[in-house]
Every structure is written in C-alpha cells, then in structure tokens.
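The values are calculated or read from the model by the stated rules, or taken from the named source; none is laboratory data. In this text the structure is predicted, and so the values were computed from the model without any measurement. With ideal geometry, Cβ positions are generated from the backbone for all residues, glycine too; neighbour counts draw on all protein chains shown.
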Amino acid sequence: MVEKKEYKLNRLETTKLIGPMVDKHWAELREAKEHGEKVAWCSGPLFIFPYAMGMKCHFMAGYAAYCAGRKAGDQVLEAAEADGELMDTCSYHRLHTGMAAAILRGRPVRKEVILPIPDLLITGRLCTEMAHYAEALYRRLKIPVVAVDIPPPRRKEDLPRLERFVVRQIKESLIPALEKVCGKEFDEEEMRRILRVLKKATTLRNQCWEFFKLKPTPWTLWDYGVSIAPVFYMMGKPETVPYYEKLLAELKERAAKKIPAILPDGEKYRLYWDAWLPWAFLGMFIRKFVSYGAVPICGRYPWEFFPHPEYIDPDADDIVKNWVELYYTKGHQAMVMMTEGALEQIMELVEEYSIDGLVMFASKTCRAWVGQREIVNEIERRLGVPGVIIEADMVDSRMVSEAQIETRLQALFETIDARRRR
Amino acid sequence: MIRGLEPFLKAVENPYKTVSEWKERTGKKVIGCYPMWLPKELVHAAGLLPVVVWRSDEPVTIGHAYVHTFNCGLTRSFVDDAVRGKLDFIDGFIIYRTCLQAQELPFILEQHVRPAYLEYLYLPAIFPGAATKDFLIEELERFKASLEEFTGKEITDGELRRSIELYNENRRMLRRFYEFRRKNLGVLRAREVMAVVWSSMLVPKEEHNTWLRELLLELEERQEELLKEPRVKGDLKVVLTGALCQTPQFEILDMIEDLGMVVVDDDLYVGSKYFANDVELDGNKRPLEALAEHYLKREPTCPTKGDWEMDWTDEIAGMVKRGGADGVISLLIKFCPPHLCYYPDIKRGLMEAGVPEVMIEVEHEIVSLEGVRTRLQSFAESLRRGA
C-alpha cells in the first residue's frame, strides 16, 4: 500500500511573470500584419532566422502550448475535425489545420488563438510530421514554403555530414527565401545580437537547472517547462535575461533556506518525465504527482533547448554553422530524437539527478519521442530504475484517462517503495 | 484458371517460407529492406537478395513490449516478428527515415536480432535545392561502401547497371500487366494483382521476370477467351488508393469484388507506386546518380517524401478518368501519419472534382470485417444510385 501523506505544491513567485510575457508575444504576432510586419509560421529549430530578419514568427509546438494554456485546444481540434481531420493525426497538426479552417471557413474558435495568415511557411524537418503540417497548410493557404531537412543522427560519426547538409540547406534555401519575402539581405548582425541575448539567458537557465540536483528540489520540471519561452520563441528579447536572473535568485534563496518545491518537507519520489510536457493537462498531472509526494525533475524535451550555451558563439565567423553545431557536432541536441542518443542522455540524467522512476508520456498522436518502450526496458535492465508508460495526448482531452494515469502512477510508486524496502 | 498466376500466389502464401527456401537453395544472403523507396538495385548488385519486409498475418503479442500499440500494423508486426525470432533467417536489414515509426527500428533490431548487417540510411526529403541531391548521392556512396564491406566485394558500375536494367525490366512488365488489367476488366482478381506485385518484393528479380514473361504471354494469348468468362463480375469500376508501405488484407479486396466493384487501377505501394518509374540510365550517367534521380522523382506522389507542391488528389483523379472509374476506395492504414495528414485534402479534393470516395481504415488486427463490408456496401449502393 502506497503511504499517503498531505503534500502541497509550493509555487515559485517568478514563474507567475511568464503569463503576461507570453501573452504579449502572441498579441504582437496577432497584430503584426496590421503593422505591416512580415510573419512566418515555423516548425523545427529555425525560427532564429526569420527573427534575424525582423519577422514575427509563430512556432508549431509553442502554438500548441499557447492554445492549450488558453483552454482553446479542444475547440480548435473540433474545428479541424469538422473540416475532415481524423483523430489519430498529430494533435499539433490538427491545431494548425483547425486554425486554418477557422480562418478559411469561419469555424468558430476563440479569437486569441487565431493567428494571421503568414507570408512564409518554414519547415524544419527534425520530426517528419513537422513537414506534413506545412504541406497541409500549403494545400489550404497556398503560401510559399521553404523547407530544411534536419535528420536526427543515430550515431556520433554521422554528425559531421548531417551538419554540412543542414548548413547548406539553410544557406542555399532558407536564407534566400527569407531575403525574397522580406526584400532585404539577411541580417547577420541581428542574428548575432539574438545569440548574445540567448547565450546569457541559456547560461542563466543552466545555472537554474543545476538546482534540480538538490534534495529536496526547490523547483519542478513544470516550473522549468513554463519558463521555456524566454529561451525558445521569445529568444533575443531583452526581457528574457532579467526573467532568468529573477528565477535564479529565487532558487538560490530557496536553496539557502532549504525551501522545497513541495511542502512540508520535499519530495518522496524524484521522477524523469519523457517527451512533450502535457500542455493542456499540466495542472492535473502535477496535482497527481504532488499527492504522492512525487516531483518531475528532468526530461529530454526541455533538455533540447540549448543545454550547452558554451557553444553559442555570437562572434563566430560562420554564424549559420555555429547554430547548426548546437544540434549536431557540438551540442548534439538532435540526437535525443533517436533512441540511441536518447538512451545515453537519459541514463546520464537518471544518475546525475538521482531519479527514482521514469514516466514516459506517450502521446497517442505523436511518435516524435522514439524508443520510449525500449528506453524503459533498458534503463530498468542497466540501472534498475523502473518506469511506466502513460498513454495520453499533449492536447486532445479525449485521449487522456485520469483513471489510467492514476493506476500507472500507483504501480510505479509501489515498485519504487518495494525496492527501497529490499 | 490462369496457370501463369500460380507461382506468384504461392510466393505470397507464406513469405517467410518463400524467402528462407530461396536462401537455402542458393546459399546467398537475404537483406530485409524497409519500404518504400530504398534503392534495392544496389543490394542486388552486391550479390544479395533484397526483400521488402512485410506484415505477418498473426496478431502482435510480445512486440508491444517494444513499440507502442498506436504504431502502424507494419512496424508493430515487424517488431513482433523480430523479437520472436521469426526473422532470424534474414541476414541484414536496411531501414531509412520513411516516418517517425521507422526511426526506432534500428535500435530494436540491434538489441534483439543482432543481424550481421544493419544500415540506417538518411535518405532525405525531396526538398528543392542542390544540397538535397548532393547529400543523397553522398549517402548512396556511403551505402554502397557499407555493402561492399559486408560482402567483401566491390560493386562495379557495370554490375550496378545490370541490376538496374533487370529491375527496370521488371517494372516495365508490371506496367504491361496493369495495362492488361485496365483493358480487360474482370479477368484478374484484385488479390491476384496484388500477389504479382508483392511477390516482386520477395523473390529474386531474375525469377520474377521469368514468371512475368510467361504470365503476360498467357494473358495475351488467352485474352479473348478470358474476357468471355470474366472472373470478377461487377457493374462498378473503382480505383484503390493509399495503403502505404504494406499490404491490406486480401479479404478486403475480395469483399470489394463480391459487392460488385471491379478494381480498374490502383496507386497502392504494393501496386502501381512500386513500379511507376524506371531508373533512367544513359551512356554517360553514373548508375548511382541515376538511382538518386529515381529517388528524387516527384511522381508518383508519396507523402513520405515531403513534396508540398505535387497534388496526390490530381493523380488519383487522373487515374479515375483514365480508367473510367465510378469511384475511389481509400485504404488508410491505421496509425499511418503521412497518409493521415494528407487524407482530408484528398477527400475534399475528390469531392470538389465530383469523384465519389470512401475511406476504409485498415488495421493489422481486423476488429470486424462486417463493419468494413457495411461501409463498402453502402458505398457501392450510393454509386449505383448515382448519389
């Protein structure tokens, strides 16, 4: 029987600042066309390039988080299905075709999640379905598409040639397309400025990340998750650095005073969380975790956002190459999209962050986080750390069963308890 | 009775037996290739037998400990076969990034099958730009070198050219076979047509070409007699589309015909997509470059290739027009994201073009064939009413 104790989430103050910052970003994007600004919709890690051109840019997964946060996810999915989409299709994809249906055929959705029709669709094919979304939108909106294939590497020896391929595509396809749409030369200096800000923000963010090593932890992966925007679609904005400075100060204070993320005395179970954060269900999940005294500590999804700021070189001779190196030869960020690289990294995380169990969030409409079942099998075999698979979805509430989640979590905690008693 | 069909039907009856018997007979090595667009000519030129991996006819059991239940039938069944040791007779595997689900296969194979040869290819999306073709050629060079290392034998341009010619001959005969079906409706059953194409993915091309030559000869010689007694009797003509990477259940094909619909054409992977284009060799071109150009072809449209400008719907509508078909049956493999993401546009496009269409979801473990029958029956009735 799992011991029940009254745990309570002890929220950070700084993360409350993120809501207004994010709202401002999306409001600016909605109003961009009215101000004569150019807009791109983007998938994969390419948004820095339109940003460098002064374009306003929407990011595919970020939009999903925003929709879910505004409780508009189900409504936009309904609009997509009324327009012919099938339920098994990637829910990020359906959110976009649902939005297109709202624009083109007046399907009713909340105004704040309708974005302006872009001037350019940018595909970063890190996930193959991130290409399908742009193809589908092209078929509906007939907007120019520019695409860059970003193959996730299986082996470290594959990194250099894949990197060369991606650099060439950015230089030969993406940048000329941006120059054409914007009617000006690529603004390398602006990209360097963005990188300077990003380097500062990600360096601070890494310092924050270190606090996950503390026992008890002063914050949760969910706090980290809601703080993604400053190193992600808000990259380069001046307010992003002060945000992380505040966050770091609050974490330092908590650490000094030994204030835990969950009251009264910190976590009983430290969890690894795999794949997307469940944007539409963050509250439900954290309530369940906390009720058991569990805290999600780290995961491979948040990790893909610049774990190595030391490799960001705003003064590099070849600034495009420097960006791509973060994903390939230096930062290895693209390797987490293959089982081989993910397993290696998750094993390190499990050991370094004293993880008690794995929760593999398996989105029924998304297979981007490959190898989940094998990763659970292998980590159990190699490190003796148990894991469970939770089948749900990042946005679509019809695929989320609280009863199933409860049962799986109970099983995980009972397994951890049983091992502790040995 | 068409005697020439027998070897094809026998070959697909039990693909495990077909391939392993060939291996025993010849002492050569078998390489399992993941669908759909791997240049198998290179494998053939290396002196190996490339076979396209298939979906078994058993429900997935142990495999679900390694892959999600919401993966497509082929990936689940392939993994199930792999971990149960059913694929141990296959010497090597080549996987490429067809879709996200294919990406996790190399790890599973390495862990549980440990084949003598395993290659993961980064065949790119066919995005415009010279970088794509250059990278593809570089990748094919690497692939060639890895095959040479495995066999210990160089693949010469001459050998590769001969393999390409052999494969092209197979494609040409399969196109002739399809032409025969279009012009002689009802002579061939849909399952027989699929068996002819599927077996091409399982047996050596040399042998398949011999079978095809004999079949075509028989069909052409007996054309009039066969037309007098069509084996499929139906008042409606349909085009089949979809079924990427894998075969749908033959029972579904039979059901279509039992309900009075004759298949006039298809754009299935185990169908016309497989042999649509030749690899174009000319005197000066390196055969490897010809293979790259073949891969980069935009037609037939394939949603796994990332071409946003080609319109799959136009191709299907063209096929309907050419065959004078009454409607289209989309065979959508359950949990196939490339098709899922395209399907709403096909449905809408065909509707706008006035082409009736119905979608049948094809699951590996068929829950109820009766449900499929009801859908097809109402589709046939609506076609008859001209609705």
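Go through region B:278-332 and count every residue that is of a type in the set (S, T, N, Q) and modelled with pLDDT under 95.
1
Inspect all residues belonging to region A:151-172 and state whether any of them is at the interface with chain B (Cβ under 10 Å from one of its Cβ atoms) and over 23 Å from residue A:338 (Cα atoms).
Yes.
When both residues are 6+ apart or on different chains and their Cβ atoms are under 6 Å apart, which pairs have a first residue that lies in region A:397-417 and is over 14 Å from residue A:280 (Cβ atoms), and a second that is charged (D, E, K, R) and not in a helix (DSSP H, G or I)?
Going by the 6 Å Cβ cut-off, the qualifying pairs are A:416/A:356.
Enumerate the helices (runs of 4 or more DSSP H) found wholly within region A:19-90, keeping only those where 1 or more residues are of a type in the set (Phe, Trp, Tyr).
A:48-52, A:60-69
Residue by residue through region B:49-59, note down the ones that are assigned to a loop (DSSP other than H, G, I, E, B) and surrounded by fewer than 22 Cβ atoms within 10 Å (Cβ to Cβ).
Passing the criteria: B:56, B:57, B:58, B:59.
Would a scan of region A:215-226 turn up a residue that is surrounded by 20 or more Cβ atoms within 10 Å (Cβ to Cβ), in contact with a His (Cβ under 8 Å, 6 or more places away or on another chain), assigned to a loop (DSSP other than H, G, I, E, B) and away from chain B (no Cβ under 14 Å)?
Looking through region A:215-226, none of the residues is surrounded by 20 or more Cβ atoms within 10 Å (Cβ to Cβ), in contact with a His (Cβ under 8 Å, 6 or more places away or on another chain), assigned to a loop (DSSP other than H, G, I, E, B) and away from chain B (no Cβ under 14 Å).
Only residues that are at the interface with chain B (Cβ under 7 Å from one of its Cβ atoms) and touching a residue at least 40 places away in the same chain (Cβ under 8 Å): list them for region A:124-150, please.
Those that are at the interface with chain B (Cβ under 7 Å from one of its Cβ atoms) and touching a residue at least 40 places away in the same chain (Cβ under 8 Å): A:125, A:127, A:129, A:131, A:132, A:134, A:136.
Report, by residue number, each residue of region B:25-48 that is touching a residue at least 24 places away in the same chain (Cβ under 8 Å) and part of a helix (DSSP H, G or I).
Of everything in region B:25-48, those that are touching a residue at least 24 places away in the same chain (Cβ under 8 Å) and part of a helix (DSSP H, G or I) turn out to be B:40, B:41, B:42, B:43, B:44, B:45.
Residue under question is residue A:119, and the condition is that it be of a type in the set (Asp, Glu), away from chain B (no Cβ under 14 Å) and under 26 Å from the mean Cα position of the chain (by Cα); does it hold?
Spelling it out, residue A:119 is indeed of a type in the set (Asp, Glu), away from chain B (no Cβ under 14 Å) and under 26 Å from the mean Cα position of the chain (by Cα).
Among the residues of region A:347-401, write down those that are among the charged types (D, E, K, R), facing chain B (nearest Cβ under 8 Å) and assigned to a loop (DSSP other than H, G, I, E, B).
Answer for region A:347-401, where residues must be among the charged types (D, E, K, R), facing chain B (nearest Cβ under 8 Å) and assigned to a loop (DSSP other than H, G, I, E, B): A:364, A:367.
Can you name every residue in region B:188-229 that is over 15 Å from the mean Cα position of the chain (by Cα) and under 20 Å from residue B:376 (Cβ atoms)?
Selection gives B:188, B:189.
Are any residues in region A:319-346 of a type in the set (S, T, N, Q) and within 12 Å of chain B (Cβ to nearest Cβ), and if so, which ones?
A:339
If you scan region B:188-216, which residues turn out to be in contact with a strand residue (DSSP E or B) (Cβ under 8 Å, 6 or more places away or on another chain) and either in a helix (DSSP H, G or I) or within 30 Å of residue B:386 (Cα to Cα) (or both)?
B:190, B:193
Here is a yes/no grid of residues against (1) of a type outside the set (Ser, Thr, Tyr); (2) part of a loop (DSSP other than H, G, I, E, B); (3) under 11 Å from residue B:241 (Cα atoms):
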position: B:289; (1), (2), (3): yes, no, no
position: B:297; (1), (2), (3): yes, yes, no
position: B:310; (1), (2), (3): yes, yes, no
position: B:328; (1), (2), (3): yes, no, yes
position: B:331; (1), (2), (3): yes, no, yes
position: B:338; (1), (2), (3): yes, no, no
position: B:345; (1), (2), (3): yes, no, no
position: B:361; (1), (2), (3): yes, no, no
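Among (1) away from chain B (no Cβ under 14 Å); (2) closer than 21 Å to residue A:107 by Cβ; (3) surrounded by fewer than 23 Cβ atoms within 10 Å (Cβ to Cβ), where does residue A:36 come up short?
Going through (1) away from chain B (no Cβ under 14 Å); (2) closer than 21 Å to residue A:107 by Cβ; (3) surrounded by fewer than 23 Cβ atoms within 10 Å (Cβ to Cβ) one by one, residue A:36 breaks only (2).
Name the single residue, out of those in region B:56-104 being of a type in the set (Val, Ile, Thr) and in contact with a strand residue (DSSP E or B) (Cβ under 8 Å, 6 or more places away or on another chain), that is farthest from residue B:116 (Cα to Cα).
Once the filter is applied, the top-ranked residue is B:69.
Of all helices (runs of 4 or more DSSP H) completely enclosed by region A:270-336, which ones contain at least 3 residues that are more than 17 Å from the chain's Cα centre (by Cα) and either small (Gly, Ala, Ser) or within 22 Å of residue A:210 (Cα to Cα) (or both)?
A:282-291
Mind listing whichever residues of region B:113-134 are among the aromatic types (Phe, Trp, Tyr) and more than 10 Å from chain A (Cβ to nearest Cβ)?
Once the filter is applied, which keeps residues that are among the aromatic types (Phe, Trp, Tyr) and more than 10 Å from chain A (Cβ to nearest Cβ), region B:113-134 yields only B:117.
Taking only region A:67-117 into account, find how many residues are of a type in the set (D, E, K, R), within 27 Å of residue B:71 (Cα to Cα) and out of contact with any His (no Cβ under 9 Å at 6 or more places or on another chain).
Within region A:67-117, residues that are of a type in the set (D, E, K, R), within 27 Å of residue B:71 (Cα to Cα) and out of contact with any His (no Cβ under 9 Å at 6 or more places or on another chain) number 6.
Being part of a loop (DSSP other than H, G, I, E, B), out of contact with any helix residue (DSSP H, G or I) (no Cβ under 7 Å at 6 or more places or on another chain), within 18 Å of residue A:355 (Cβ to Cβ) and without any contact (Cβ under 8 Å) to a residue 60 or more places away in the chain, is that true of even one residue in region A:256-266?
yes
Among the numbered criteria (1) part of a helix (DSSP H, G or I); (2) farther than 25 Å from residue B:298 by Cβ, which single criterion is violated by residue B:137?
Among (1) part of a helix (DSSP H, G or I); (2) farther than 25 Å from residue B:298 by Cβ, the lone unmet condition for residue B:137 is (2).
Among the candidates B:306, B:324, which residue alone is within 14 Å of chain A (Cβ to nearest Cβ) and either over 17 Å from the mean Cα position of the chain (by Cα) or surrounded by fewer than 16 Cβ atoms within 10 Å (Cβ to Cβ) (or both)?
Result: B:306 is the single residue among B:306, B:324 that is within 14 Å of chain A (Cβ to nearest Cβ) and either over 17 Å from the mean Cα position of the chain (by Cα) or surrounded by fewer than 16 Cβ atoms within 10 Å (Cβ to Cβ) (or both).
Restricting to region B:96-134, and then to whatever is outside any loop (DSSP other than H, G, I, E, B) and among the aromatic types (Phe, Trp, Tyr), can you tell me which residue is farthest from residue B:47 (Cα to Cα)?
B:107
Determine which single condition residue A:157 fails, assuming it passes every other condition in (1) part of a helix (DSSP H, G or I); (2) among the charged types (D, E, K, R); (3) more than 29 Å from residue B:95 (Cα to Cα).
(3)
Run residue B:356 past the list (1) touching a residue at least 40 places away in the same chain (Cβ under 8 Å); (2) away from chain A (no Cβ under 14 Å); (3) not charged (D, E, K, R) and report the number of the one that doesn't hold.
(1)
Taking the options B:219, B:281, name whichever one is touching a helix residue (DSSP H, G or I) at 6+ places or on another chain (Cβ under 9 Å), surrounded by fewer than 22 Cβ atoms within 10 Å (Cβ to Cβ) and not in a loop (DSSP other than H, G, I, E, B).
B:219
Could you grab me the full set of residues in region A:68-81 that are at pLDDT 90 or above and either more than 11 Å from chain B (Cβ to nearest Cβ) or surrounded by 24 or more Cβ atoms within 10 Å (Cβ to Cβ) (or both)?
A:72, A:73, A:74, A:75, A:76, A:77, A:78, A:79, A:80
Among all residue pairs at least 6 apart or on different chains, which show Cβ distances below 8 Å where the first residue, located in region B:147-174, is modelled with pLDDT of 95 or more and the second is in a helix (DSSP H, G or I) and exposed (fewer than 13 other Cβ atoms within 10 Å of the Cβ)?
Matching pairs, first to second residue: B:166/B:206.
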